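Only one structure is covered here, and it is reproduced in the block below.
The values are calculated or read from the model by the stated rules, or taken from the named source; none is laboratory data. The shown structure was predicted, so the numbers you read here are calculated from the model rather than taken from an experiment. Cβ sites come from the backbone with ideal geometry, for glycine too, and all protein chains shown count toward neighbours. For accessibility, only protein heavy atoms count, side chains too; no ligands or nucleic acids. Shrake-Rupley method; radii C 1.70, N 1.55, O 1.52, S 1.80 Å.
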Amino acid sequence: MQKIILYYKFVPMADPEAVRLWQKTLCEKLNLGGRIIIARQGINGSLGGDIEDLKTYAKETKLFQPFKGMVFKWSEGSREDFPKLSVKVREEIVTFGAAKELKINERGVVGGGQHLKPEALHELVEERGDEVVFFEGRNAYEAAVGKFKNAVVTNARTAKDFVKEIEKPKYAKLKDRPVVTYCTGGVRCEVLSVLMKNRGWQEVYQLDGGIVKYGEKFGDTGLWQGSLHVFDGRLGLKFSDKAKNIGRCVHCKSKTSNYENCANKACNELILICQNCQQQTYCPNCAKRVIPTR
């Protein structure tokens, strides 16, 4: 039996390269696949493998004092959902281009949004109603297949785009309303909520544990709708058989949650395409139409 774990922790790291070597050796010993990013501000990872090996990894990783108490989120998947094991040191564990703006201490991010458990999120919505704004902390194509109802979705294609996005005048009217940021597992919102508060957003919250934890609690019976896009071989997850398809096929516009890479190798963009149109795996925006490879 295999699974996938997601995790992160913002904590000061004195020697990221030493941690990288230790983590790489540990993962290789346990035959795990996935991606780990380490920086002076902490760690962010996704790993797949046998359940017992993942449990051993989590146990040994938490023995390292800075990672004590780190939360691991479990989901369906396997080692084969990752092409290889990648363990790298970077300036940020999520690349917003805001390393100098983010302050980290032993308790995590300083000055971020208030964390809301899924149940507390529902309480906020029940209390404040339509005043509450859900703010998408992921890329636009992730939101195309799944999002919270009536969420604000920006034009961001990468995390770096968010700085310019939240400074746009069109969002000024939201700065005095209760805003709930959300993302896949919570790590992007740790940074985004700080950037928003630093730019005058007054009441900022972040969904604790992200969409993954919300889905574990409420599945498709709450405020979430659609599929969760993930950056591995699975491409997407649905929390139940009641999940709706909210994305639209690029060709026939029928509802779908299926992403494929454009068959034009020079493009290779992810495109939403339904089963009936999968023989046309090209992007309509490409200058050249190519014969599908499968």
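For (1) more than 26 Å from SER227 (Cα to Cα); (2) among the charged types (D, E, K, R); (3) part of a loop (DSSP other than H, G, I, E, B), each residue gets a yes or a no:
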position: THR56; (1), (2), (3): yes, no, no
position: PRO83; (1), (2), (3): no, no, yes
position: VAL87; (1), (2), (3): yes, no, no
position: GLU92; (1), (2), (3): yes, yes, yes
position: GLU123; (1), (2), (3): no, yes, no
position: ARG138; (1), (2), (3): no, yes, yes
position: GLU142; (1), (2), (3): no, yes, no
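Of the listed requirements (1) free of Cβ contacts under 8 Å to residues at least 40 places away in the same chain; (2) open to solvent by less than 30 Å² (accessible area, probe 1.4 Å); (3) at positive phi, CYS277 misses just one: (3).
Of the residues making up segment 56-96, those that are touching a Gly at 6+ places or on another chain (Cβ under 9 Å), of a type in the set (A, V, I, L, M, F, W, C) and open to solvent by 20 Å² or more (accessible area, probe 1.4 Å) number 2. Checking each residue in segment 222-255 for being over 27 Å from GLU190 (Cβ atoms) and either in contact with an Asp or Glu (Cβ under 7 Å, 6 or more places away or on another chain) or free of Cβ contacts under 8 Å to residues at least 24 places away in the same chain (or both) picks out SER240, ASP241, LYS242, LYS253, SER254, LYS255. Within segment 146-160, being open to solvent by less than 60 Å² (accessible area, probe 1.4 Å), out of contact with any helix residue (DSSP H, G or I) (no Cβ under 6 Å at 6 or more places or on another chain) and modelled with pLDDT under 95 holds for one residue alone: ALA159. Taking segment 170-203 as the range and being open to solvent by 10 Å² or more (accessible area, probe 1.4 Å), outside any loop (DSSP other than H, G, I, E, B) and touching a residue at least 24 places away in the same chain (Cβ under 8 Å) as the test, the residues that pass are LEU174, VAL187, ARG188, GLU190, LYS197, ASN198, GLU203.
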